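Peer 1: The structure is given below, and queries will be raised subsequently.
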Amino acid sequence: MSKPIKNMMVADYRRRFDGVSNALLVDIRGIEANENNAMRQDLHASGIRITVVRNKLARDAFKDTDLEALVPGLEGPSAMCYGGDSVVEVARSLVDWAKKVKELDLKGACLDGEYFDGHDGVKRLSTFPTRDEAQAKVVQLVLSPAGNVLGAATSAGSNVMGIVKEIQERLEKGEEIAKVG
C-alpha cells in the first residue's frame, strides 16, 4: 500500500474515531457469517459499532488521543467496538456474546486512559457500574443519611406523642400519674 493511501486511511481513522475516548478490541476472525451478522445487528441496535482496523494505521491514528491506551492490544486481527451509552455496556454486551460465540476473542479495552488486558480485563470492566448507575448510587448515598435523620426525627416525635396520648388516657380515666424518678 502506498504512503498516500496509508495517510488517507490514518486520517479517516482519526475522523471516524474523533470524540471516541473509550473502546474495546476484539478478534472476530473465525466466526461464522450468520453469527457475525446476528452479533453485529444486535450490537448495532444498542448503538454499538464494530470497525475492523489495520493495526499499524490504528497505532498511528490513536497517537496522542484517548485511544492510545489500546495500542498494546493491537496485535493480530483487530476490530474496534465503541459507542452505546458507555464502554461498560459495550463490555457487558460483548462478554454476553463471547459466551454464545466461542470464536469471539476479547483482546482488551480502555476506559479513561486505563487499559484492561484480554478477556479477563474486559470481563472485569463489564462489572463496573455505568455512569447512570454510579450517579444513582451517589444520589442514594447522599440521600440515605437524610432519610435516616428524618426517620429518627419522626420516630422520636411519635414516641413523645405516644407518651402524651398515654398520659391523656390515664387522666381521662381518673388515674394518678406517678412521677418517674
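Peer 1: Checking VAL101 against (1) within 30 Å of PRO4 (Cβ to Cβ); (2) crowded, with 16+ Cβ neighbours inside 10 Å; (3) more than 21 Å from the chain's Cα centre (by Cα), only one condition comes out false. Which one?
Peer 2: Checking VAL101 against (1) within 30 Å of PRO4 (Cβ to Cβ); (2) crowded, with 16+ Cβ neighbours inside 10 Å; (3) more than 21 Å from the chain's Cα centre (by Cα), the one that fails is (1).
Peer 1: Would you check if LEU67 is closer than 13 Å to LEU24 by Cβ and of a type outside the set (D, E, K, R)?
Peer 2: For LEU67, the condition - closer than 13 Å to LEU24 by Cβ and of a type outside the set (D, E, K, R) - is met.
Peer 1: Yes or no: VAL95 touching a Lys or Arg at 6+ places or on another chain (Cβ under 7 Å) and in the same structural domain as GLU32 (by TED's automatic domain parsing)?
Peer 2: yes
Peer 1: When segment 1-41 is examined, which residues are found to be in a loop (DSSP other than H, G, I, E, B), aliphatic (A, V, I, L, M) and touching a residue at least 24 places away in the same chain (Cβ under 8 Å)?
Peer 2: Listed by number, the residues that qualify are VAL20, ILE28, ILE31.
Peer 1: May I ask you to list pairs of residues, at least six apart or on different chains, whose Cβ atoms are under 7 Å apart, with the first in segment 42-56 being more than 25 Å from MET8 (Cα to Cα) and modelled with pLDDT of 90 or more and the second being part of a strand (DSSP E or B) and not aliphatic (A, V, I, L, M)?
Peer 2: Pairs that qualify, where the first residue is more than 25 Å from MET8 (Cα to Cα) and modelled with pLDDT of 90 or more and the partner is part of a strand (DSSP E or B) and not aliphatic (A, V, I, L, M), are GLY47/GLY83.
Peer 1: Here are some residues: SER93, SER78. Which one is of a type in the set (S, T, N, Q) and within 23 Å of PHE128 (Cα to Cα)?
Peer 2: After applying the criteria, what remains is SER93.
Peer 1: Tell me which residues, restricted to segment 57-76, are in contact (Cβ under 8 Å) with a residue 40 or more places away in the chain and at positive phi.
Peer 2: Within segment 57-76, GLY76 is the sole residue that qualifies.
Peer 1: Quick test for you: out of ALA98, ALA79, pick the one residue that is under 16 Å from HIS119 (Cβ atoms), in a strand (DSSP E or B) and free of Cβ contacts under 8 Å to residues at least 60 places away in the same chain.
Peer 2: ALA79
The values are calculated or read from the model by the stated rules, or taken from the named source; none is laboratory data. Just so you know, these numbers come straight off a predicted model, no measurement behind them. All Cβ positions, glycine included, derive from the backbone under ideal geometry; neighbour counts span all protein chains shown.
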